[in-house]
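Worksheet for the structure shown next.
The values are calculated or read from the model by the stated rules, or taken from the named source; none is laboratory data. A quick note: this is a predicted structure, and the numbers were derived from the prediction, not measured. Here the Cβ positions follow ideal geometry from the backbone for every residue, glycine too, while neighbour counts run over all protein chains shown.
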């Protein structure tokens, strides 16, 4: 039941924002399938909307893929 509700909600979102959102989803999926981590895939996809080149976004988002880790606490 929950799975069906989630899928239906997602379909409604796609219907409202399609095809632009669907294109972004596909672009993010392509980045991810090509070896980029999840944060890189999503951030690079939306970066150009805010004036940042995709190449820069891929570099910036690198550390967030596994969770930003801190060095030794002092």
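Checking each residue in the range 36-51 for being in contact (Cβ under 8 Å) with a residue 24 or more places away in the chain and either under 8 Å from the mean Cα position of the chain (by Cα) or under 14 Å from residue 23 (Cβ atoms) (or both) picks out 38, 39, 40. Which residues, taken from the range 6-28, are exposed (fewer than 13 other Cβ atoms within 10 Å of the Cβ), part of a helix (DSSP H, G or I) and modelled with pLDDT of 65 or more? 9, 11, 12, 15, 20, 23, 26 - these are the residues of the range 6-28 that are exposed (fewer than 13 other Cβ atoms within 10 Å of the Cβ), part of a helix (DSSP H, G or I) and modelled with pLDDT of 65 or more. Restricting attention to the range 52-66 and to residues that are part of a loop (DSSP other than H, G, I, E, B) and modelled with pLDDT under 90, the residue that is farthest from the chain's Cα centre (by Cα) turns out to be 66.
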